[in-house]
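Student: Right, I'll just put the structure down here and ask away after.
The values are calculated or read from the model by the stated rules, or taken from the named source; none is laboratory data. Just so it is clear, the structure is predicted and the values come from calculations on it, not from any experiment. Every residue, glycine as well, gets a Cβ built from its backbone with ideal geometry; the counts of neighbours run over all protein chains shown.
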């Protein structure tokens, strides 16, 4: 393999003083940032000084407004893809820009630019300022660095090259083929990104961070007696490459192949209302989609969520506590602070069945007279922040998983769901069960396929009657939530839980 | 053709060629857009921006990679290209992934798709606010006291793109878009909040649907969801409203995708010429609708 010398990848934006950036580098074929330091990056590499930020914020508040903020971003992402037993595709992407927001009450003026020059930033700030029409609001004299913990420390200060990543993807595919003779095709992928951000607010907060993200995924096609099935599985999070050991490659191969092979013997289920047991981990996506969005404060501020009139009321059995947690180490939805500079936290949404808190950004927090819960997030500099979940899960309960399964005479056990549709206002949802089993007389039975579940998210939450002690996050490394056209990384999880009754859509007639 | 964009793409082709990329495709797109959103009769979001993006597909010694960047300064681009070529050389060969045979570029229809409105800049900010207000007011009027909240927005955009390949393809496209949308939430007796929306999008401002009609439609659709009841699970005939058919047929798109056919992952693999649905089911893909 050819060796590429480490060298400067991108030249700098020319700023006052003629600084040259040397941060993004191609290291033996893998484009990344040279260092892992978090503070001072945008000033050092792009000449973004506090004085310049103050000037731009002043422009954004030149017609008044409650506050303004700047969100600088420089992101590098890469991926490698394998098909037909060799890594034969690679991609890289560089994104750079700043978003400028002016907020007045619940009104937002927003502009962004991909040029980090004073002229471009002042023009975007002038656009943001148009949301207000009064006299200028003053900007804080000093910006104080945000103090927070580090929930995803990077393990090395030097970038690792392309070669071990190629080996990882090839090794994962090899392990898939080795695990079962039914595997006829494997597609594997490794993706990694690093996002540098700096948030500066008119009320004096300055927050800088380097957010890693990566995933190793595989999809296999299996065939037996002419019947074909597919499955996809991944692991990852806010991790650097040191996470991806041989054991992780084995876990991905095992997860994807075992699930696909099980589908070869899957049977249809009868349709109707029945008890449903959710396995720990991946089904947390249902909690996120069907229930969690209804707790985001913007939907409640706008009165479009069914939960907008239920604060302090019982929304679940006492055994249920739902949290949204930005502090779980290395989880994909974890953040040291949100995209408004508010430190991350673990927020109890539902505590022992009682609705205790919505998930707030600064706008909704002000609306309700509360502090932000650190949920103001955005996809990138081209979007303004809105309330978003981080890692959402149900806390462990008193039951044992086996005890829950044994409590069901006839029902289904759901290990993973996909292809969901949710209506937040009504709370309705429909999901495809991508992995599951029958439950017959308290025991796990045949694997199932062609099954959908549907119902009301709030009712599903009310109908959780047993919660086990085996909480797991999904850890997929690729979980991404879409809202208002913005995608943000999240994770979700749950322990084994029993939902006393849920509508199951199947293709088999009852009694057949 | 935007000459400045074309010249930059041409320069990328030449620079990559000198670096050893015999075959490549370069695409450069620019867009600018405005979004004005009102909620409950006051502006909630005003957003405006201009974006650029360059994508480069490299085919080096039978190997492939794709790269994207929004930093278009020539010094930065040159480094980006040189490193992209070097990276591509490190991965495995994929002899099946190449640029299209130039014979397919021949005989292209030389027609104007008429999807760019030259008068887009004539629409003033005040006129845009007027459109949003009209749409929102119509929703409130049609929905009455059941309405909880109304969100209305107007957006317009101008985009243009240039694509060049090293084996002779050259293409330019530009388009404009205008849209108005209204979302209405109403409150049901059981505190459920059914929501419905209506929207219109078109390439020419003068063809944009009446905003009052959009607002009223959204309100009526939301009101129609009041009192919805759950029905028993059953096998029944279903009538799908025409505006929702795309959500049904989009389920076929993955199965029709060439990648899934050659990977033999689609249920339509080896089914060409076979009957796969009702005689009444005709599905076409048409990029030439004005």
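Student: Against the condition closer than 19 Å to residue B:45 by Cα, away from every other protein chain (no Cβ under 14 Å) and at pLDDT below 95, how does residue B:113 come out, does it pass?
Tutor: no
Student: Would you be able to say whether some residue in segment B:207-214 is away from every other protein chain (no Cβ under 14 Å), in contact with a strand residue (DSSP E or B) (Cβ under 9 Å, 6 or more places away or on another chain), free of Cβ contacts under 8 Å to residues at least 60 places away in the same chain and part of a helix (DSSP H, G or I)?
Tutor: yes
Student: Take the residues of segment B:88-108 that are facing chain A (nearest Cβ under 9 Å) and in a helix (DSSP H, G or I): which is modelled with the lowest pLDDT?
Tutor: Going through the qualifying residues, I end up with B:90.
Student: List the number of the failed condition for residue A:402; all other conditions in (1) within 14 Å of chain B (Cβ to nearest Cβ); (2) surrounded by fewer than 22 Cβ atoms within 10 Å (Cβ to Cβ); (3) over 30 Å from residue B:190 (Cβ atoms) hold.
Tutor: That leaves (1) as the condition not met.
Student: Being facing chain B (nearest Cβ under 7 Å) and either in contact (Cβ under 8 Å) with a residue 24 or more places away in the chain or surrounded by fewer than 20 Cβ atoms within 10 Å (Cβ to Cβ) (or both) is the filter here, so list the residues in segment A:102-113 that pass it.
Tutor: A:106, A:107, A:108, A:109, A:110, A:112, listed by residue number.
Student: Somewhere in segment B:250-260, is a residue over 26 Å from residue B:131 (Cβ atoms) and not in a helix (DSSP H, G or I)? Even if it seems obvious, please write down each step before you answer.
Tutor: Residues of segment B:250-260 that are over 26 Å from residue B:131 (Cβ atoms), as a first pass: B:250-260.
The next check asks that each one be not in a helix (DSSP H, G or I); those that pass are B:257.
Scanning segment B:250-260, I find at least one residue that is over 26 Å from residue B:131 (Cβ atoms) and not in a helix (DSSP H, G or I), so the answer is yes.
Student: Would you mind stating whether residue B:189 is in a strand (DSSP E or B), more than 30 Å from residue B:58 (Cα to Cα) and touching a residue at least 24 places away in the same chain (Cβ under 8 Å)?
Tutor: Working: in a strand (DSSP E or B): no; more than 30 Å from residue B:58 (Cα to Cα): yes; touching a residue at least 24 places away in the same chain (Cβ under 8 Å): yes.
Here the answer is no, as residue B:189 does not meet what is asked.
Student: With respect to residue B:168, determine if the residue is in contact with a helix residue (DSSP H, G or I) (Cβ under 7 Å, 6 or more places away or on another chain), modelled with pLDDT of 90 or more, closer than 30 Å to residue B:9 by Cβ and more than 14 Å from every other protein chain (Cβ to nearest Cβ).
Tutor: yes
Student: Within segment B:1-76, considering only strands (runs of 3 or more DSSP E) that don't extend past its boundaries, which have at least 3 residues that are buried (at least 20 other Cβ atoms within 10 Å of the Cβ) and facing chain A (nearest Cβ under 9 Å)?
Tutor: Because the criterion is at least 3 residues that are buried (at least 20 other Cβ atoms within 10 Å of the Cβ) and facing chain A (nearest Cβ under 9 Å), the strands (runs of 3 or more DSSP E) in segment B:1-76 that meet it are B:42-60, B:63-69.
Student: Please count how many residues of segment B:200-248 are at pLDDT below 85 and surrounded by 13 or more Cβ atoms within 10 Å (Cβ to Cβ).
Tutor: Of the residues in segment B:200-248, 1 are at pLDDT below 85 and surrounded by 13 or more Cβ atoms within 10 Å (Cβ to Cβ).
Student: Can I ask one more? May I ask you to verify whether residue A:446 is within 14 Å of chain B (Cβ to nearest Cβ) and not in a loop (DSSP other than H, G, I, E, B)?
Tutor: Spelling it out, it is not the case that residue A:446 is within 14 Å of chain B (Cβ to nearest Cβ) and not in a loop (DSSP other than H, G, I, E, B).
So that you can scan it fast, the table gives a plain yes or no per residue for (1) under 27 Å from the mean Cα position of the chain (by Cα); (2) surrounded by fewer than 22 Cβ atoms within 10 Å (Cβ to Cβ); (3) under 27 Å from residue A:77 (Cα atoms):
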| position | (1), (2), (3) |
| --- | --- |
| A:165 | yes, no, yes |
| A:173 | yes, no, yes |
| A:188 | yes, no, yes |
| A:194 | yes, no, yes |
| A:202 | no, no, no |
| A:205 | yes, yes, no |
| A:216 | yes, no, yes |
| A:232 | yes, yes, yes |
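Student: Is it the case that residue B:198 is closer than 27 Å to residue A:300 by Cα, free of Cβ contacts under 8 Å to residues at least 24 places away in the same chain and in contact with a helix residue (DSSP H, G or I) (Cβ under 6 Å, 6 or more places away or on another chain)?
Tutor: yes
Student: Something else now. Looking at B:148, B:180, B:184, which is the one that is within 13 Å of chain A (Cβ to nearest Cβ) and modelled with pLDDT of 95 or more?
Tutor: Of B:148, B:180, B:184, the one residue that is within 13 Å of chain A (Cβ to nearest Cβ) and modelled with pLDDT of 95 or more is B:184.
Student: Then there is this: Looking at A:119, A:59 in this structure, which one is under 26 Å from residue B:31 (Cβ atoms), out of contact with any strand residue (DSSP E or B) (no Cβ under 6 Å at 6 or more places or on another chain), crowded, with 18+ Cβ neighbours inside 10 Å and more than 10 Å from chain B (Cβ to nearest Cβ)? Lay out the reasoning, then the answer.
Tutor: Details: A:119 fails: crowded, with 18+ Cβ neighbours inside 10 Å.
Exactly one of A:119, A:59 is under 26 Å from residue B:31 (Cβ atoms), out of contact with any strand residue (DSSP E or B) (no Cβ under 6 Å at 6 or more places or on another chain), crowded, with 18+ Cβ neighbours inside 10 Å and more than 10 Å from chain B (Cβ to nearest Cβ), namely A:59.
Student: Here are some conditions: (1) closer than 25 Å to residue A:103 by Cα; (2) touching a strand residue (DSSP E or B) at 6+ places or on another chain (Cβ under 7 Å). Residue B:41 meets all but one. Which one does it not meet?
Tutor: Here residue B:41 clears every test but (2).
Student: Scan segment B:220-239 and give yes if some residue there is within 11 Å of chain A (Cβ to nearest Cβ), under 26 Å from residue B:36 (Cβ atoms) and either more than 23 Å from the chain's Cα centre (by Cα) or assigned to a strand (DSSP E or B) (or both), otherwise no.
Tutor: Among the residues of segment B:220-239, at least one is within 11 Å of chain A (Cβ to nearest Cβ), under 26 Å from residue B:36 (Cβ atoms) and either more than 23 Å from the chain's Cα centre (by Cα) or assigned to a strand (DSSP E or B) (or both), which makes the answer yes.
Student: What do you reckon, is residue A:127 within 27 Å of residue B:50 (Cα to Cα) and within 11 Å of another protein chain (Cβ to nearest Cβ)? Working first, answer last.
Tutor: Values: within 27 Å of residue B:50 (Cα to Cα): yes; within 11 Å of another protein chain (Cβ to nearest Cβ): yes.
Yes; evaluated as a whole, the condition is true for this residue.
Student: Which one of B:144, B:168, B:107, B:181 is assigned by TED's automatic domain parsing to the domain that holds residue B:49 and crowded, with 17+ Cβ neighbours inside 10 Å? If you could, list the steps in order and put the result at the bottom.
Tutor: Numbers: B:144 fails: crowded, with 17+ Cβ neighbours inside 10 Å; B:168 fails: crowded, with 17+ Cβ neighbours inside 10 Å; B:107 fails: crowded, with 17+ Cβ neighbours inside 10 Å.
None of the other options fit; the residue is B:181.
Student: Turning to a different aspect of this structure: Mind checking which pairs have a first residue in segment B:32-44 that is in the same structural domain as residue B:154 (by TED's automatic domain parsing) and over 30 Å from residue B:116 (Cβ atoms) and a second that is modelled with pLDDT of 90 or more and assigned to a strand (DSSP E or B), Cβ under 8 Å, 6 or more apart or different chains?
Tutor: B:39/B:149; B:39/B:150; B:39/B:151; B:39/B:152; B:40/B:149; B:40/B:150; B:42/A:107
Student: Using the structure shown, decide if residue A:492 is buried (at least 24 other Cβ atoms within 10 Å of the Cβ) and in a strand (DSSP E or B).
Tutor: So residue A:492 fits the description; yes.
Student: Looking at segment A:467-477, is at least one residue out of contact with any helix residue (DSSP H, G or I) (no Cβ under 7 Å at 6 or more places or on another chain), free of Cβ contacts under 8 Å to residues at least 40 places away in the same chain, surrounded by fewer than 18 Cβ atoms within 10 Å (Cβ to Cβ) and in the same structural domain as residue A:497 (by TED's automatic domain parsing)?
Tutor: No, the conditions are met nowhere in segment A:467-477.
Student: Only one of A:99, A:65 is touching a residue at least 24 places away in the same chain (Cβ under 8 Å), over 21 Å from residue A:380 (Cβ atoms) and either out of contact with any helix residue (DSSP H, G or I) (no Cβ under 7 Å at 6 or more places or on another chain) or more than 13 Å from every other protein chain (Cβ to nearest Cβ) (or both). Can you tell me which?
Tutor: Going through A:99, A:65 in turn, the sole match is A:65.
Student: Does residue A:216 satisfy being assigned to a strand (DSSP E or B), over 30 Å from residue A:146 (Cβ atoms), in the same structural domain as residue A:169 (by TED's automatic domain parsing) and touching a residue at least 40 places away in the same chain (Cβ under 8 Å)? Can you show your working first?
Tutor: Working: assigned to a strand (DSSP E or B): yes; over 30 Å from residue A:146 (Cβ atoms): yes; in the same structural domain as residue A:169 (by TED's automatic domain parsing): yes; touching a residue at least 40 places away in the same chain (Cβ under 8 Å): yes.
Criteria met by residue A:216.
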